[in-house]
Structures are given as C-alpha cells and as structure tokens.
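Student: Below is one structure. I have some questions about it.
The numbers here are math on the coordinates, done by the rules we state, and not lab data. If you're wondering where the values come from, they're calculated on a predicted model, not measured in any experiment. Counting neighbours? That spans all protein chains shown, and the Cβs are built from the backbone with ideal geometry, glycine included.
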C-alpha cells in the first residue's frame, strides 16, 4: 500500500473518544495522510463502527503488558503497563512511515512536515529532557523492529515500567547522536509544562502544533457547561481554556451526535447528555464522578465547588444541621483554609497576567474511564 499515516491507540470506548477528537482535529487542519487506529478487545463493536467512519484503518491488536510491577510501583501508575500495546504500531507495514500520537493529543495546525523526519524523532520530555516523550514520535513500521523491541523489552524491561522508559532505552542514542531527531516542543507541548513556565507559553504558545493533555489536564476531566457549551477548567489551568475549548468544540460538533448509550463507561454516559439544555441527572452524576477522580489526583477547585465554605456547609449538612445554624469552623482550620486560598489567589493572578493561546479558526475523543494511556 505504501504512503504515510497518523497512528493512535484506543484500549476502551472511553479513550476512543480522545481518538475520535484527535482524528477530527487532523482532518480539520487538512492533513494529506491516512489515519490509523489500533484497538484492543476492550473497544466495543459499536465504537469500532464510529472509529471506522473517521479513520482509514481500524485494526485490533493484542494487549501487551509489561508485568513490571516493581518499576511501575515507582511511578504509582500501574495502568502504564498496558501502554506496551503501543509497540504494535511497528507492525503497520502497509505504510512506509508513520507518526504516532497518543489519543490525549490534539492537533492545532497542520504538521505534515513531520513525515520528513526519520525514526525515531520525538520531542524532549519536560520531566527529563535527555529522554523523549513517547506521546508523539516519527517511526518506520517494520516487523523486524517490532520483534527487536519486544525481545529487548523481555530482556531489559523498562526503567519506568511503561512504553516511554522502554523506547528511551531501546533508542538510547536519541539524546546525543542526531539533533535532527529532536522535535521542537511545539510538536508535543505537554499541558502541565505551561503552568511551570508561563512566560514561555505566552511567548511561544501561538506556534503550538500539537497539545498533549497529560494527567489532570485531560479535557474530559474538566467542567463542561451543557447550556453555554463552555469548558471551565480550574484556575490553575485557566491559561489552557482556549485549547480545552477547541477539544470540546470538536467533540460537540463531530463526536457527540454519533455516541450511543450502549457504549461502555464514559462514552455511554456522555451519550446521554443533551447539549444546549440544563444539566441532567446523568451529567450531574458524571461530574461528581470526575470531580472525585480529580480529588484523588490532587486537582482540587479551592476557589469553586471545593472551597472551604462549601466543604464546611457539606459537613454541617451531613451532620443534619440547618444552614442558619452553621457553627463556626475551628480557628486553626480557618487559618489553614485562608493560607490555601491566598496561595491559590496568587496563582490565579499570575495566570491571568500572561494571557492565553488563540487556536486556529475551525473549518469544518479513563478508572479505565478517566485513566491515562499517555506516556508520563
């Protein structure tokens, strides 16, 4: 067959939502190349039909698990073991060259020039720049390479238990051998990095080609108002609002109308939401579920629903006290709350002072539901 293709991976219906939005974002920017998605048995037939309507190729692969519990424990991310399944992308030998994209990425501008790069080209990881982030990389499909990497994995394992550690060990000369294989950060801008270096985001954000929503910044973890169609991230992620909004705009226009309640997990829940109408009981339940997930991941909305006053009212309601008879919280607790709020306000002021990215005009996808298949 030959030619080039963008490749992603979906291991369940929920993560297929990210894959669908990613595919539509690629179509939106006018890519000339094909789209391929690897799916595991966890993706239902109903969802596969929706994927097939957007992707040029939908192919099932077996689940590869690193079984490397010791190293995965170091990351406290046991779900990353399944990302070894990503290695199947080297088996797509019907294509001459591919670019792999994690399903929690979003293409903002045309990036077809990436196919001019050689294997293995990738952007530095923000946590350790001498390693590359495996959420976006250029590679050449090869059964021999697939066999070589899997044999290497069986023998050497992965220093982080996931695909990123393995691929950095296998392509160990990436950091120093050929600078042309170092992709600029704008081709894999990890969303958490923008908060740690906001001035750079202000300076270079308009040049971003691909945004990688890692960790708690995933679009489906944010509050979405069904009446207004506006996504409302917490204050610490406010600078990402335009990019998160673009994801939701594509989701609402291109993905949501084709969802079915028979889909599994988050996909089925989102299918029951009616856009343009007040939040349904299903949406409220879904938001509470995602809010719980956010708490467990350390993403707490101190200035909104999770403010100290609201938490205190909830405590009192649980104790069956009338709102007009709310006791004052302990003084020491008040001091802690004020300190936390002050720090949050300082963060908000810093965020608001640097502006935000304006994405291109639109011309025309976790538990395992809200889990992360991304690399770091």
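Student: In nm, to one decimal, how far is the residue 109 label point from the residue 253 one, both placed 7 Å along Cα→Cβ?
Tutor: 1.9
Student: Where does each of 262-270, 81-89, 139-147 land if you order them by average Cβ count within 10 Å, highest first?
Tutor: 81-89, 262-270, 139-147
Student: OK, next. Give the shape of the stretch 4-185 as rounded, prolate or oblate, defined through the alpha-carbon gyration tensor: a ≥ b ≥ c are the square roots of its eigenvalues, a/c under 1.5 means rounded, and otherwise the shape is prolate if a/b is larger than b/c and oblate if not.
Tutor: Because a/c hits 1.5 or more and a/b fails to exceed b/c, the stretch 4-185 counts as oblate.
Student: What is the stretch 4-185's relative contact order, in percent, from Cα pairs under 8 angstrom and six or more apart in sequence?
Tutor: That works out to 24 percent.
Student: Return the distance in nm (one decimal) between the two label points of a simple spin-label model at residue 176 and residue 32, each offset 7 Å from Cα along Cα→Cβ.
Tutor: 3.8
Student: Tell me, rounded to the nearest percent, the portion of alpha carbon pairs in the stretch 59-106 spaced more than 17 Å apart.
Tutor: Here the long-distance tail beyond 17 Å is 47 percent of all Cα pairs in the stretch 59-106.
Student: So, one more: Between residue 118 and residue 94, what is the label-point separation in nm under the 7 Å Cα-to-beta-carbon projection?
Tutor: 2.8
Student: Please work out how much length the chain gains when fully extended from residue 130 to residue 277, using 0.36 nm per residue of separation minus the C-alpha to C-alpha distance, in nm with one decimal.
Tutor: 48.1 nm
Student: Answer rounded, prolate or oblate for the stretch 153-205, using the Cα gyration tensor with square roots of eigenvalues a ≥ b ≥ c: rounded when a/c is under 1.5, else prolate when a/b is larger than b/c, else oblate.
Tutor: Note, shape of the stretch 153-205 comes out oblate.
Student: For the stretch 1-83, what's the relative contact order in percent, using C-alpha pairs closer than 8 Å and at least 6 residues apart?
Tutor: So the answer I get is 28 percent.
Student: Still on this structure, I have one more. Counting other beta carbons within 10 Å of each Cβ, put 210, 284, 179 in order, fewest first.
Tutor: 179, 284, 210
Student: Is the shape of the stretch 1-43 best called rounded, prolate or oblate, per the rule: a/c under 1.5 gives rounded, else a/b larger than b/c gives prolate, else oblate, with a ≥ b ≥ c the square roots of the Cα gyration tensor eigenvalues?
Tutor: oblate
Student: For 39, 126, what's the fewest-to-most ordering of other Cβ within 10 Å of each Cβ?
Tutor: 126, 39
Student: Right, another one. Sort 6, 248 so that the residue with the fewest other Cβ atoms within 10 Å of its own Cβ comes first and the one with the most comes last.
Tutor: 248, 6
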